[in-house]
Amino acid sequence: MQDTSFAIHPGNKSKIEGTTFRDIGDVTSFKQENNHFLFSCEYGRVTIVFYSNHVARVVMNHKQDPVVEGSFAVIQKQGIVNVEVVEDKEAIRLGTDALTVYIEKSPMRVSFLDTNGDLIIGEGQKGMGHSPSGEVICYKQAHPDEHYYGFGEKTGFLDKQGEKMTMWNTDVYAPHNPETDALYQSIPFFMTLRQGRAHGLFFDNTGKTQFTMRTEDGTFHFSGETGQMDYYILAGPTMKEVLNQYTTLTGTMPLPPKWALGYHQSRYSYETEAEVRELVGNFLNKEIPVDAIYLDIHYMDEYRVFTFDEDRFPNAKQLVADLKEQGIRIVPIVDPGVKEDPEYVTYQEGIGDDRFCKYLEGNVYYGDVWPGKSAFPDFTNEDVQTWWGDKHTFYSDLGIEGIWNDMNEPAVFNETKTMDTKVVHDNNGVPKTHRELHNIYGLKMGEATYEGMKNNLDGKRTFLLTRAGYAGVQRYASVWTGDNRSFWEHLQLAIPMCMNLGMSGVPFCGPDVGGFAHDSNGQLLARWTQFGTFTPYFRNHSAIGTQRQEPWSFGEDVEANVKKYIHLRYIWMPELYRLFKEASVTGIPVMRPLVLEYPEDKHTFNLSDQFMIGANVIVAPVTTPDTEQRLVYLPEGEWVNYWTDEKVSGGDHIIAKAPIDTLPLFIKVDTMIAQGSPKQSTLVQEDDYQLHAYFGVKKEASYTIYEDDGETFEYENNHAFEKYVQMSYDNGVLTVTAEDVNTSYTPGFDKVTLVAHGLSDVTEARVNGKHVQFQKNNMNNVVITISR
Ligand code: GLC
């Protein structure tokens, strides 16, 4: 009925917004117990806890004492934080070195101040409360000059000011457009930028939640249909610090295996072993790099997970082994639905050991998915997680190292698109309904899968791709943005969507390149591949029955174009890998909105059609057909066109030339980037490591090379190669300082080529004080080779 005008029937509105809000009322008592600050109010109880000097948590429960244990997202322990408590008649102040929580007593209003006593975020006429139907709500003051980033996977522009967003993991085959709200991921976190300063807000509630960032009345609010009002304020004060604080709370992405950063090819489905071998043959013959091939649902025996259809794939083990020798991994899809079939061992085990989601009455919940009637593992139970994880020996024994989790919202083919919300999850003996825990189903499946595979791989890194997730999903998986379509509009919407995923702690993300549903075309594939070259996750995937979209599907010109950019991905691999390493430590994403680097520049606040890689590279994809130039915003300073070495002044919009085989790319002056060379796959070690310095007015740039084995967890023991290189120019002399920082890993290259762009009159070059020879390349850049 939602597709007809019935959707706006006046009778559909069950209540008038705001009228049923019951304010928390006055504080009636306050006490401190260890590091918990406990407040009783007229209509609810509140606990405030500090995680660090910069992070405070507020939990309100209108029925009972707030529950502070049991978050699925937060892995940081409550810290030992020195909190000064000052109480007077009107208010209580809880102060750390960096953050003060200011609690007015009558009525209770909770505000947050910085060290200077300036307001970070406050409450006015309205604060926390609940509705008779049990919704929890919190109103906060909003300022007209605020910008909001994050919220996970959302359609629309970068800045979410003015948006109303729902968090409820949903399988949305169609449509994906600006008013499509809930998608596959729910990350109830965002940061506010106001006059160059930032703070974060994380609403840790796993049921259906809403954020209303329509701020005309000077407030925004967020609410949860079930559960507690449970939120964290992260004091920043920079955007990068907020991201760091958020990923300290919820975890950072582990460094993926290098092969996961290569080009991946998928299709729903490559249906037989012969088809996969032919596909691989094409990549090898055409010298188009590829690191992974995906097996969609057809590989299974009637869609039973942990099986192979032996007619279609007579020798899966041999296939995996042969491909691996060529540097190509097989990544099979694994959905949560287990086919109801008394002769199928996974189903038998699930029923026998009571591992499936059930109703309170004890009957198993069944839903229809690809295999037909299916049961769903209850991943909220640790034993079920271990069982599921261990079952992945089926894949790892075949030599498989990466898994693709799909349909894990969980998706069910029915009106509601998901599991009955009345199902009761065991939750390790603290039962909760599916209504309360819906949004963590994918996260917990991801955890089980990641941990299981990691266990099986004997010290090797595993790779997991997931469609659904919740805050913290980055600890286990990379995220693709679900069933988009081969529309130019979907190429456009993927840019802010991925930037905001990055701003939500998920650096490893990307859309289906070329578009999943609908028929792609040559131009679209070429432009989308250009964009995909610089998205952290780079996979071409398309749906059953659609136009094929492998790189060679649209004739020679498109093939050459696509190949050029897949090669470019491997050329940029050393730079991307270093940025992945950085993201795994700091939480700062690989793919960044310009506002993250230029938070004072108003042109960046809602810039949704271009992005940065790291702190110094601007990527401006072409996202409309028959377009050979586009407007690009370059912030203050000088920039260099990557393709032509031409210098361009920033602080303005420019028209960049973009013929069909050109992706506009700009490098900030006085910075460096690392480059490698095209490879058939990441199996081939880099032996041509280059550092390119782009000189501007400062005539000085530096870089720390980062390489490790790309496949084990030894990097966690600092087993890596790191070298600091500084280049500067003065009066005809190019001076290089190169210092070993860490040599415990030996990379595949034994020398590093240094390329100095933008210097015309070098007469002498010195490395670590010694005079060295230099050359000029065909672009008249100075080239020096130094030893590793
Ligand atoms: C879902 C996935 C898609 C996959 C298909 C078949 O639609 O989002 O990527 O190809 O299911 O498994």
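For the range 344-497, the carbon plus sulfur part of the accessible surface works out to 47%, probe radius 1.4 Å. Note that the range 592-666 presents 40 Å² accessible area per residue, ligands and nucleic acids not counted, probe 1.4 Å. Accessible area per residue for the range 349-500, computed on protein heavy atoms with a 1.4 Å probe, is 32 Å².
Amide hydrogen proximity for Thr215: with H placed 1.01 Å from N in the peptide plane, the residues at 5 or more positions away or on another chain lying under 5 Å are Gly162. A straight chain from Glu636 to Thr712 at 0.36 nm per residue would run longer than the Cα-Cα distance by 23.3 nm. Dipole of the chain computed with +1 at Lys/Arg Cβ and -1 at Asp/Glu Cβ about the Cα centre; of Phe308, Ile588, Tyr294, farthest Cα towards the positive end is Ile588. Taking all protein chains into account, the per residue accessible area for the range 685-787 stands at 49 Å² (1.4 Å probe).
If I compute solvent accessible area with a 1.4 Å probe over the protein chains, what percent of it on the range 5-250 is carbon and sulfur?
C and S atoms contribute 48 percent here.
Its relative contact order, with pairs defined as Cα atoms under 8 Å and 6+ residues apart, puts the range 5-250 at 18 percent. For the range 685-787, the Cα-based Rg and Dmax, in that order, read 14.7, 46 Å. Here the range 169-184 and the range 234-259 have alpha carbon centers that stand 26 Å from each other. Across the range 97-111, computed HN-Hα scalar couplings (Karplus, 6.51 cos²θ - 1.76 cosθ + 1.60, θ = phi - 60°) run 4, 10, 8, 10, 9, 10, 10, 7, 8, 9, x, 5, 9, 10, 10 Hz from first to last residue, x flagging Gly and Pro. For a paramagnetic label modelled on Ala174 (point 7 Å from Cα along Cα→Cβ), amide N atoms under 11 Å away are absent within the range 529-547. Taking Cα centre as origin and charging only the Cβ of basic (Lys, Arg, +1) and acidic (Asp, Glu, -1) residues, the dipole magnitude of the chain rounds to 1140 debye.
Helical content alone sets the calculated 222 nm signal of the chain at -5000 deg cm²/dmol, taking -39,500 (n - 2.57) per DSSP H segment of four or more residues and averaging over every residue.
Using r as the Cβ-Cβ distance of Asn285 and Gln318, and R0 as 22 Å, what FRET efficiency do you calculate, to the nearest 0.05?
Computed FRET efficiency for Asn285 and Gln318: 0.60.
Among beta bridges identified by DSSP and lying wholly in the range 685-787, the antiparallel ones come to about 75 percent. Each DSSP beta bridge with both residues in the chain is either parallel or antiparallel, and the antiparallel ones are about 80%. Work from the charge dipole of the range 5-250 (Cβ charges, +1 for Lys and Arg, -1 for Asp and Glu, about the Cα centre) and give the residue of Ile120, Gly218, Gln195 farthest towards its positive end. The one lying farthest along the dipole's positive direction is Gly218. Please report the carbon-and-sulfur percent of the accessible area for the range 685-787; probe 1.4 Å, protein heavy atoms only, DNA, RNA and ligands left out. That fraction is 41 percent.
Each Cα pair under 8 Å and six or more residues apart adds its separation to the average, and for the chain the resulting relative contact order is 10 percent.
Cβ-Cβ distance of His719 and Asp383, R₀ of 30 Å, FRET efficiency by 1/(1 + (r/R0)^6): the value works out to about 0.30.
The values are calculated or read from the model by the stated rules, or taken from the named source; none is laboratory data. Keep in mind the model is a prediction, meaning the values are calculated, not measured. Virtual Cβ from ideal backbone geometry, glycine too; neighbours counted across all protein chains shown. Heavy atoms of the whole protein, side chains included, go into the accessibility calculation; ligands, DNA and RNA do not. Shrake-Rupley method; radii C 1.70, N 1.55, O 1.52, S 1.80 Å.
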